[in-house]
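Engineer: Please see the structure below; I have some questions.
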Amino acid sequence: MNPESAVAELAEPYLRGLLTSAGLDVEYVRGEGNTLYRLDAKGQEIPVLDYAGGYGSLIFGHNNPEIVARARELLDGSVPVHAQFSSHPYANRLAAELNRIIHRELGVDEPYYATFANSGAEAIEAAVKHAELDRVLRLSETLEELAAGTERARAAVGDGSATVPDAVYAHLATERPAGDPLAPVIDEINRRNGERAAKAPVFLALEGGFHGKLMGSVQLTHNEAYRAPFAALGVRAKFVPRGRPEALDEVLAQERGVLLGLAVEDGEVRVEERAHPVFCAFLLEPIQGEGGIQPLSDGDARIIQEFADATDCPLILDEIQTGLGRTGTLLASSQMGLRGDYYTLAKSLGGGLAKASVMLVRQTRYRAQFELVHSSTFAKDAFSCHLALKVLEMLERDGGQAYRQATERGTALQATLEKLRTAFPDVVKEVRGRGLMLGFEFQDQSEAEHPAIREAAGGGLFGYVIAGHLLNRHSIRTFPTASAVNTLRFEPSVLLTDEEIGRLEEALTEVCVILREQAGERLVLSSS
């Protein structure tokens, strides 16, 4: 008897139940390349072709021998994992190497400073916190400059070198007083500036985007099911639709405002206006992962970049799933002409072994104070940094051979998926993505003839049912995207072979036939 079978399920039992219902509650005992291994009833290994790829965390596959060898070398050498508040030259080398590659891809030389973390959501939280610190400091600096100008204007009026024209009172809807001519003006300026400065920051994000499930990042994630239970705890975001450029103009019209001060020009006091830095940041994924593998169009990318530049709204480019070579470059956004003020990287950064992430902020936004108000016990450790350096070395080797592999293997996989879409247009709606980050969307089955198919679609479980069938019938592992469950995701490593692509084609062909023929009784959701 398996001793674990007698233990009550205490590790997320509800989730375990959902996995069981879809036939996905499988224990894997070993991983290698694009393959995970499970055990059959006799204890024999069954290989499972893994197209989920750790949700994009395995650019070089499970337990890559070169990365494992480096990990063993580090552990055998007793590398200190906990050496906080000391010199970390390996972290600096990692930051420098990331900068070198980013500079090449963007054609810039401005440094990006690194803050390390342990997960993608933490990197997003660090970026958002830094962006808000920068916004608050910019706001404070602007208010101080305006206050200093106002004091100079008061002094000029006091010594008679400047007068106050009626236009100043008209601008602020105040009356000229009998006494101090600037008293009501300054009171009104202070009132308006106080109200404006107290306004909560505005975060922008794209509809369909996913940026994590921590207290702050979940409010920047579009899926309302994730956000709503915690709405009272975190930041608020305005979600911008893709493909509607006027939406950003509408947001700007709603949120723009000015801060006021006084200045003296040609012996007269005038009202000075400065833009209020209300926008904290604009978060976006170059390719939305959980939103259904939705690439940002070049047109939308251009509009967003222009908006960010014009409004001084920092861009946080979430490259957690798209980065580290998955689309053929370190940064998927560099292919779209985007330049971020912030970048977040994670997943494959740890080589499939370490839990590592990084937030990068460009020098012109960087605030040194952030290093004293944000920290992490496990971040920036020698083990994860050295493994991340190994990942970058492998990506860059042989003139970027791994990038070319990602592009070529992705093209081959996408061609196969497109062939299925062409053969089954009544079943397959669309194939999307770039490189080794592809989505395969099925047509809506909520009105399917077969009750099992119809009920799965109506209950939001269609993609999980198909994933369970692929696993238990064909020993192929993948999942739907979290916020678009009719879309299966395919994120294998650069080691993907033609034979592995062929296996997927055979399996998906069988699934498409089942759906075309409405033969729901042929769906297999259990290995028993």
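Engineer: Relative contact order of the chain: what whole-number percent is it, with Cα pairs under 8 angstrom and at least 6 residues apart?
Structural biologist: 22 percent
Engineer: Only bridges with both residues in the chain count here: give the DSSP antiparallel percent, nearest 5.
Structural biologist: Values: 42 of 59 bridges.
So the antiparallel bridges amount to about 70 percent of the total.
Engineer: Now for a separate question. Tabulate in residue order the Karplus-calculated ³J(HN,Hα) for the range 398-412, using 6.51 cos²θ - 1.76 cosθ + 1.60 with θ = phi - 60°, rounded to whole Hz; enter x for Gly and Pro.
Structural biologist: Once rounded to whole Hz, the list reads 6, x, x, 4, 5, 4, 5, 4, 4, 5, 5, 5, x, 4, 5.
Engineer: At 0.36 nm per residue, minus the direct Cα-Cα distance, what do Glu521 and Lys42 gain on full extension? Give it in nm, one decimal, please.
Structural biologist: Working: separation 479, 0.36 × 479 = 172.44 nm, distance 2.75 nm.
Additional length available on full extension: 169.7 nm.
Engineer: Calculate, in nm to one decimal, what Gln369 and Tyr28 gain on full extension: separation in residues at 0.36 nm each, minus their alpha carbon distance.
Structural biologist: Value of the extension gain: 118.3 nm.
Engineer: Dividing the alpha-carbon Rg of the range 35-121 by 2.2 N^0.38 Å yields what?
Structural biologist: On the way: Rg = 18.5 Å, N = 87, 2.2 N^0.38 = 12.0 Å.
My calculation over the Cα atoms of the range 35-121 gives 1.54.
Engineer: Take the range 128-249, compute every pairwise Cα distance, and split them into 5 Å bins from 0; I just need the percent in each bin.
Structural biologist: All Cα pairs considered, the percentages come to 2, 9, 14, 14, 12, 11, 9, 8, 8, 7, 5, 2, 0.
Engineer: Hey, what angle do you get for helix 89-106 against the long axis of the chain, alpha-carbon based, 0 to 90 degrees rounded to 10?
Structural biologist: The angle comes out near 80 degrees.
Engineer: So, one more: Would you mind checking the tilt of helix 462-474 against the longest principal axis of the Cα atoms of the chain, expressed as 0 to 90 degrees and rounded to 10?
Structural biologist: 30 degrees
Engineer: Calculate, for Ala253 and Glu141, the FRET efficiency according to 1/(1 + (r/R0)^6) with r their C-beta to C-beta distance and R0 30 Å; round to the nearest 0.05.
Structural biologist: With a Förster radius of 30 Å, E is 0.70.
Engineer: Under the Karplus relation 6.51 cos²θ - 1.76 cosθ + 1.60, θ = phi - 60°, what is the ordered set of whole-Hz ³J(HN,Hα) values for the range 73-78, x standing for Gly and Pro?
Structural biologist: Couplings: 4, 5, 5, 5, x, 6 Hz.
Engineer: Rounded to whole Å and sorted largest first, what semi-axes of the equivalent ellipsoid does the C-alpha gyration tensor of the range 423-501 yield via the square root of 5 times each eigenvalue? Intermediate results must be reported in sequence, preceding the final value.
Structural biologist: Numbers: eigenvalues 107, 39, 27 Å².
Gyration-tensor ellipsoid for the range 423-501: 23, 14, 12 Å.
Engineer: Sticking with this one: For the range 74-160, compute the orientation-averaged projected area of the C-alpha convex hull (one quarter of its surface), in nm².
Structural biologist: Its Cα hull, projected and averaged over all orientations, spans 10.3 nm².
Engineer: Report ³J(HN,Hα) in whole Hz for each residue of the range 423-431, in order, from the Karplus equation J = 6.51 cos²θ - 1.76 cosθ + 1.60 where θ = phi - 60°; Gly and Pro get x.
Structural biologist: Once θ is set to phi - 60°, the couplings for the range 423-431 become 6, 10, x, 6, 10, 9, 8, 7, 10 Hz.
Engineer: Would you mind listing how long the range 395-528 runs along its three principal axes, going by Cα atoms, in whole Å with the largest first?
Structural biologist: That works out to 54, 31, 26 Å along the principal axes.
Engineer: Could you compute Rg(Cα) / (2.2 N^0.38 Å) for the range 1-150, with N its residue count?
Structural biologist: Working: Rg = 23.9 Å, N = 150, 2.2 N^0.38 = 14.8 Å.
Computed over Cα atoms of the range 1-150, the ratio equals 1.62.
Engineer: Please name which of Ile316, Ala83, Leu470 has its Cα lying farthest along the dipole of the chain towards the positive end, using unit charges on Cβ (Lys, Arg +1; Asp, Glu -1) and the Cα centre as origin.
Structural biologist: Ranked along the dipole, the leading option is Ala83.
Engineer: How much length is gained if the chain between Ser78 and Glu151 is pulled fully straight, taking 0.36 nm per residue apart and subtracting their Cα-Cα distance, in nm to one decimal? Intermediate values should be presented prior to the final figure.
Structural biologist: Details: separation 73, 0.36 × 73 = 26.28 nm, distance 6.17 nm.
Net length gain for the segment: 20.1 nm.
Engineer: Could you compute how fast the range 241-345 diffuses translationally, taking Rh as the Kirkwood radius over C-alpha pairs and applying Stokes-Einstein at 4 °C with viscosity 1.567 mPa s? Give it in µm² per second. Write out the running numbers ahead of the final one.
Structural biologist: Values: Rh = 15.7 Å.
Result for D is 83 µm²/s.
Engineer: Sorted by accessible area with a 1.4 angstrom probe, largest first, how do Val7, Val68 fall?
Structural biologist: The residues order as Val7, Val68, largest area first.
Engineer: Given the -39500 (n - 2.57) contribution per DSSP H run of 4+ residues, what per-residue ellipticity at 222 nm results for the chain, rounded to the nearest 500 deg cm²/dmol?
Structural biologist: Dividing the helical sum by the residues of the chain leaves -13500 deg cm²/dmol.
Engineer: Suppose every Lys and Arg Cβ carries +1 and every Asp and Glu Cβ carries -1, with no other charges. What dipole size does the chain come out with about its Cα centre, to the nearest 20 debye?
Structural biologist: So the magnitude is around 820 debye.
Engineer: Rounded to two decimals, what is Rg over Rh for the range 189-278 when you use alpha-carbon atoms and the Kirkwood radius? Before the final figure, lay out each step's value.
Structural biologist: Values: Rg = 17.8 Å, Rh = 15.5 Å.
Taking Rh as the inverse mean 1/r over Cα pairs, Rg/Rh reads 1.15.
Engineer: Another one. With 34 Å as the cut-off, how large is the P(r) tail for the chain, expressed as percent of Cα-Cα pairs?
Structural biologist: 47 percent
Engineer: Given the options Ile303, Val361, Leu143, identify the residue whose Cα lies farthest towards the positive end of the charge dipole of the chain (+1 on Cβ of Lys, Arg; -1 on Cβ of Asp, Glu).
Structural biologist: Val361
The values are calculated or read from the model by the stated rules, or taken from the named source; none is laboratory data. Quantities reported herein were computed from a predicted structural model and do not represent experimental measurements. Note that we place each Cβ from the backbone using ideal geometry, even for glycine, and neighbour counts take in every protein chain shown. Side chains are part of the model used for accessible areas, which takes the heavy atoms of the whole protein and leaves out ligands, DNA and RNA. Shrake-Rupley method; radii C 1.70, N 1.55, O 1.52, S 1.80 Å.
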